[in-house]
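Asks: Structure incoming, see below.
The values are calculated or read from the model by the stated rules, or taken from the named source; none is laboratory data. Just so it is clear, the model here is predicted, and its values are computed rather than measured. Cβ coordinates were reconstructed from backbone atoms using ideal geometry, including for glycine residues, and neighbour counts include every protein chain displayed.
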Amino acid sequence: MLIPTRDNGYIHPCAGEITPRAVYEQRRAMLRLLAAGAGGAAMAGWAGRVALADQVRRPGRLAPLPGAPSAVPGAVTMEKVTEYQDATTYNNFYEFGTDKSDPARNAHTLKTRPWTVEVEGLVNKPRRFDIDELLKLSAQEDRIYRLRCVEGWSMVIPWVGYSLAELIKRVEPQGSAKYVEFVTLADKATMPYVGSHVLDWPYTEGLRLDEAMHPLTLLAFGMYGEVLPNQNGAPVRIVVPWKYGFKSAKSIVKIRFVEKEPGTAWNKAARQEYGFYSNVNPDVDHPRWSQATERRIGEGGLFAKKRKTLLFNGYEAQVGQLYAGMDLRKFY
Ligand SMILES: Nc1nc2c(c(=O)[nH]1)N[C@H]1C(S)=C(S)[C@@H](COP(=O)(O)O)O[C@H]1N2
Ligand SMILES: [Mo]
């Protein structure tokens, strides 16, 4: 269906294209506030709320998971949010297949209850959390992050969750803990590609402890105001917005505190191509392709105009300090 516009052009009646009156009025109010020279911090908070009200409309598919606007610096990008339809049908989740459309088709078999997350290793208080307990461990926050896949596409996703640091503080890492390893579910009965040779299962990932403690590192339980769809990593995943997408492990079952840099799924599969750090960096190419530009999903597929990729995916102000003095070519 096409809706004719006043200038005789046509627009698609897709969700998000037509601005509801309330949002339009909020925007006008924001502009008046800007004109009045409102303070920067107040503006950022206000603008963030408008962005959330505008963009995080519940698709009404899954159980609601409300969150409060996040106060973490950098946690809400003002860019246009990717359509839910795109974010849930164009995925990487190799346990359910290697094609981008496979996870949406196959992940219905994933059982997200009962679910536990074991926290172990070099911590004073190791323990196993039931998923419903983990959900309530800290206040759920709304955040809007860019996600940049190493293959060159990007999305803007409204996540619901809280800083991983909230969990880490409660288990009290020991002085010898330098890295955090994430282990994800590998269940042959429900995940058709576990057992295949594409990767060494389970899919694991890792972060340096200070990266894991950074407030932008998110333990995500939902997106678009609802619980995570299976194909996006239900019932709980990691989101590290300044690193390539594969660092954001889905459907995690174990968090382990270790002394030495842990192996990771993609590093084990192709060491020269995927390093441990994998910070988004337009100046450090993948051996087989450039990382200088990206295409935003929803802007026209392969015909989408290319955007310049930003250092640390645009989060340099927040995370650049973590890598001060490090050779980012060596530690790729
Ligand atoms: N367990 C698991 N987690 C995973 C993957 C995977 O194959 N298995 N793929 C990663 C990659 S390469 C990307 S780009 C993101 C994609 O997240 P999305 O599908 O929610 O956009 O998930 C990451 N997490
Ligand atoms: Mo990816």
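Asks: How many residues are touching a Lys or Arg at 6+ places or on another chain (Cβ under 6 Å) and either under 17 Å from residue 231 (Cβ atoms) or not β-branched (Val, Ile, Thr) (or both) when one looks only at region 153-178?
Replies: Looking only at that region, the number is 4.
Asks: Might you check whether a residue that is acidic (Asp, Glu), out of contact with any Leu (no Cβ under 7 Å at 6 or more places or on another chain) and loosely packed, with under 14 Cβ neighbours inside 10 Å occurs anywhere in region 313-320? Steps first, answer last, please.
Replies: Looking only at region 313-320, we keep the residues that are acidic (Asp, Glu), and these are 316.
Adding the requirement that they be out of contact with any Leu (no Cβ under 7 Å at 6 or more places or on another chain) leaves 316.
The next check asks that each one be loosely packed, with under 14 Cβ neighbours inside 10 Å; those that pass are none.
No, there is no match, as no residue in region 313-320 is acidic (Asp, Glu), out of contact with any Leu (no Cβ under 7 Å at 6 or more places or on another chain) and loosely packed, with under 14 Cβ neighbours inside 10 Å.
Asks: Among the candidates 130, 86, 99, single out the residue that is acidic (Asp, Glu), within 16 Å of ligand 2 (Cβ to nearest atom), over 15 Å from the mean Cα position of the chain (by Cα) and assigned by TED's automatic domain parsing to the domain that holds residue 253. Working first, answer last.
Replies: Details: 130 fails: within 16 Å of ligand 2 (Cβ to nearest atom); 86 fails: over 15 Å from the mean Cα position of the chain (by Cα).
After ruling out the rest, the residue left standing is 99.
Asks: Moving on to the next point. If the requirement is being assigned by TED's automatic domain parsing to the domain that holds residue 128, aromatic (Phe, Trp, Tyr) and touching a helix residue (DSSP H, G or I) at 6+ places or on another chain (Cβ under 9 Å), which of these qualifies: 244, 315?
Replies: Within the list 244, 315, the selection yields 244.
Asks: Search region 139-162 for residues being over 17 Å from residue 82 (Cβ atoms) and part of a loop (DSSP other than H, G, I, E, B), and hand back the single one that is farthest from ligand 2 (Cβ to nearest atom).
Replies: In this case the residue turns out to be 139.
Asks: Tell me, which residue of region 250-278 that is touching a residue at least 12 places away in the same chain (Cβ under 8 Å) and polar (S, T, N, Q) is farthest from residue 112 (Cα to Cα)?
Replies: The qualifying residue farthest from residue 112 (Cα to Cα) is 272.
Asks: Of everything in region 68-101, what is near ligand 1 (Cβ under 10 Å from one of its atoms) and not hydroxyl-bearing (Ser, Thr, Tyr)? Give them in sequence order. Even if it seems obvious, please write down each step before you answer.
Replies: Of region 68-101, the ones near ligand 1 (Cβ under 10 Å from one of its atoms) are 82, 86-98, 100.
Listed by number, the residues that qualify are 86, 87, 91, 92, 93, 95, 96, 97, 100.
Asks: Which residue pairs have Cβ atoms under 8 Å apart, sit 6 or more places apart or on different chains, and have a first residue in region 56-72 that is among the basic types (Lys, Arg) and a second that is surrounded by 13 or more Cβ atoms within 10 Å (Cβ to Cβ) and modelled with pLDDT under 95?
Replies: Filtered contacts from region 56-72: 57/16.
Asks: Among the residues of region 166-181 satisfying the criterion of being within 23 Å of residue 115 (Cβ to Cβ) and crowded, with 17+ Cβ neighbours inside 10 Å, which is farthest from ligand 1 (Cβ to nearest atom)?
Replies: Kept after step one, since they are within 23 Å of residue 115 (Cβ to Cβ), are these residues of region 166-181: 166-171, 180-181.
Those left that are additionally crowded, with 17+ Cβ neighbours inside 10 Å: 167-168, 171, 180-181.
Numbers: 167: 18, 168: 20, 171: 22, 180: 15, 181: 13 Å.
In this case the residue turns out to be 171.
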